[in-house]
Amino acid sequence: MVGVLAAGAALAQEPRGAAPRPVRGAHEAVRHPDKVFRDDLGLAVPGTPIDHPARVYPAADDFPTGPAVGERLPDFVLPNQRGERVDFHRQRAGRKAVVVFVRSAVWCSYCITQLVELQETLDLFRSAGFAVYAISYDPQPALRRFAERYHIAYDLLSDEGSAVIRRFGILNTLIDPSDRRAPPFVGIPFPGSYVVNESGVVTEKFFNRHYATRMSSATILDKALGRALAVPEPADAARRGKQATVTATPAGRVMRPEVINTLRVRLDLPPGLHVYGTPLPEGFVPTRVAVRPSHQLRLGAPVYPGTTPRRFEALGVTLPVYDGALTVDVPVALHAGWNRFLDAPARAGMPAVERVSLTVDVDYQACSSTICYPPDRVRLTLEVPTAGLIYPGLQ
């Protein structure tokens with residue numbers, strides 16, 4: 001499992017006033033990186049080696065990600081796409097907010113795709129009481145053209161000169177300004193997102209070491225609200241087991257290359273029954289959720305909710321249980337190598353991926369206060385629509 005999904009949101013923090021910590025690039029571990037085109041995420045950009053300034057990223061998850069959870073975002077004033085000066089804390093006027101830093105709305109396909117997806121979910125954020133802002137080093141006229149082209153209604157903020165990016169401590173320091181290829185890329189941030197509460201204090205943050213990896217807007221909103229499925233929708237797949245019913249629904253209704261979606265897998269039990277979590281003594285069966293691996297997918301480790309300890313006097317043990325229902329989140333992303341628009345080899349030889357299959361296995365053992373039923377496995381498959389990256393110059 002590539003660390004980009006396994007790690008999820010990197011939370012490396014810099015103490016206030018501390019000198020910037022040196023960051024090691026993934027390309028530094030490769031001999032002759034100027035001649036290698038496929039990186040450790042398996043992505044290749046024809047004609048652009050992995051040491052190119054547009055492609056360098058940290059080798060590990062321990063890199064600066066700016067203000068910590070629990071800290072207030074710094075004050076800043078930047079022009080938006082319309083040329084209006086936006087004083088962040090004053091303009092949000094006590095509202096919660098999502099602040100997204102992207103590398104560029106001009107040349108970065110992953111950024112363009114993320115910004116368009118934010119627009120697609122903007123009504124959901126606003127109805128939940130969140131203002132949305134995106135910041136890049138792009139000049140204001142470029143952001144105006146981008147907003148007009150893609151009908152962006154939230155604030156795109158121009159940090160030309162990267163003063164705010166530096167103040168946040170998320171400047172991509174792996175770019176060597178002396179590199180003759182560097183000038184167009186000097187000043188980009190490590191891309192990531194912050195969620196702040198009404199007081200402007202960070203409650204969630206999402207950073208991943210690879211420049212292509214992003215958190216889906218739906219997942220950000222779910223985590224910002226602190227509950228599963230910001231907008232309840234019918235399950236995409238459901239199956240009845242011997243004692244339990246299993247359903248599965250992706251938080252985002254469309255999967256995009258390298259955008260981490262959340263597959264919500266829910267197990268419902270009849271009244272009076274429970275299943276087990278971990279750890280367990282030998283002889284008991286824990287509840288497990290697994291998505292079948294596929295060359296089209298990147299899978300993260302399932303995230304289980306907390307259990308309730310219950311004492312079983314007849315057995316002389318206290319065991320972790322789930323009563324009634326539980327929801328397990330599985331991070332899943334579409335592998336960009338299978339995007340039909342990714343690169344020349346993909347265009348020439350790989351089939352278009354219009355939908356992707358997710359096969360889910362749920363193993364459990366249901367018990368009552370007096371009996372445990374035999375272990376059961378429920379398998380279900382759902383088909384999720386896919387969408388390609390949005391490239392500069394493509395509508």
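The values are calculated or read from the model by the stated rules, or taken from the named source; none is laboratory data. Small disclaimer: the values here were computed from a predicted structure and weren't measured. When we count neighbours, we look across all protein chains shown, and the Cβ atoms used for this are built from the backbone with ideal geometry, even at glycine. All accessible areas refer to the heavy atoms of the entire protein, side chains included, with ligands and DNA or RNA removed. Shrake-Rupley method; radii C 1.70, N 1.55, O 1.52, S 1.80 Å.
With the convex hull drawn around the C-alpha atoms of segment 43-168, the volume per residue stands at 137 Å³.
Within straight-line reach of residue 223, meaning a Cα separation under 27 Å, sit the following lysines at least 8 residues removed in sequence or on another chain: 96, 205.
Taking all protein chains into account, the per residue accessible area for the chain stands at 44 Å² (1.4 Å probe). For residue 204, the residues whose modelled amide H falls within less than 5 Å of its own, excluding neighbours fewer than 5 places apart on the same chain, are 195.
Remark: segment 129-143, residue by residue, has Karplus-estimated 3J(HN,Hα) of x, 10, 8, 10, 9, 10, 10, 9, 8, 5, x, 4, x, 5, 5 Hz, where x stands for each Gly or Pro and the curve is 6.51 cos²θ - 1.76 cosθ + 1.60 at θ = phi - 60°. Between residue 84 and residue 198, the contour length at 0.36 nm per residue exceeds the Cα-Cα span by 38.8 nm.
For the chain, which whole-number percentage of the solvent-accessible area (1.4 Å probe, protein heavy atoms only) is attributable to carbon and sulfur atoms?
Numbers: 9360 of 17250 Å².
That share works out to 54 percent.
Of all DSSP-defined beta bridges confined to the chain, some 80% are antiparallel rather than parallel. Put the Cα centre of segment 139-172 next to the Cα centre of segment 82-116 and the gap is 6 Å.
With θ taken as phi - 60° and the Karplus curve 6.51 cos²θ - 1.76 cosθ + 1.60 applied, the whole-hertz 3J(HN,Hα) list for segment 149-164 is 5, 10, 6, 7, 9, 8, 7, 9, 9, 8, 9, 4, x, 6, 5, 6 Hz, x standing for glycine and proline. With the cut-off at under 17 Å, measuring from each backbone N in segment 200-215 to a point 7 Å along the Cα-to-Cβ line of residue 28 picks out 209-211. The convex hull of the Cα atoms of the chain, projected and averaged over all directions, covers 21.9 nm². The simple spin-label model puts a point 7 Å past each Cα toward its Cβ; for residue 72 and residue 379 those points are separated by 5.6 nm. Database remark: amide H of residue 86 closer than 5 angstrom to the amide H of 78, 80 (H placed geometrically; neighbours at sequence offset of 5 or more, or on other chains; Pro and chain starts carry no H).
Using the Cβ-Cβ distance between residue 372 and residue 313 with R0 = 22 Å, the FRET efficiency computed as 1/(1 + (r/R0)^6) comes to roughly 0.90. The modelled label-to-label distance between residue 391 and residue 301, using points 7 Å beyond Cα along the C-beta direction, is 3.7 nm.
Is the C-alpha gyration tensor of segment 143-184 telling us rounded, prolate or oblate? Criteria: a/c under 1.5 is rounded; beyond that, a/b larger than b/c is prolate, otherwise oblate. It is oblate, given that a/c is not under 1.5 and a/b is not larger than b/c. Taking a point 7 Å from the Cα of residue 245 along the Cα-to-Cβ direction, the residues of segment 269-303 with backbone N closer than 12 Å to it are 269-271.
Which percent, to the nearest 5, of DSSP beta bridges fully inside segment 31-141 are antiparallel? Before the final figure, lay out the partial values.
Values: 4 of 10 bridges.
In segment 31-141, DSSP labels about 40 percent of beta bridges as antiparallel.
Residues whose amide H falls under 5 Å from that of residue 356, counting only those 5 or more places apart or on a different chain, are 384, 386, with hydrogens built in the peptide plane.
Residue 357 to residue 48: FRET efficiency via 1/(1 + (r/R0)^6), r the Cβ-Cβ distance, R0 41 Å, to the nearest 0.05? Could you put the intermediate results ahead of the total?
Details: r = 32 Å, r/R0 = 0.77.
Once the sixth-power term is evaluated, E becomes 0.85.
Considering all different alpha carbon pairs of segment 174-285, the Kirkwood hydrodynamic radius works out to 18.0 Å.
The gain in end-to-end length when the residue 126 to residue 148 segment is fully stretched comes to 5.9 nm, 0.36 nm per residue minus the alpha carbon separation. Along segment 210-223 the Karplus relation, 6.51 cos²θ - 1.76 cosθ + 1.60 evaluated at θ = phi - 60°, assigns HN-Hα couplings of 8, 5, 7, 7, 9, 8, 5, 4, 5, 5, 4, 5, 4, 5 Hz to successive residues, with x for each Gly and Pro.
When the chain is treated as a Gaussian network with alpha carbon springs shorter than 10 Å, the biggest mean-square fluctuation among 226, 283, 200 belongs to 283.
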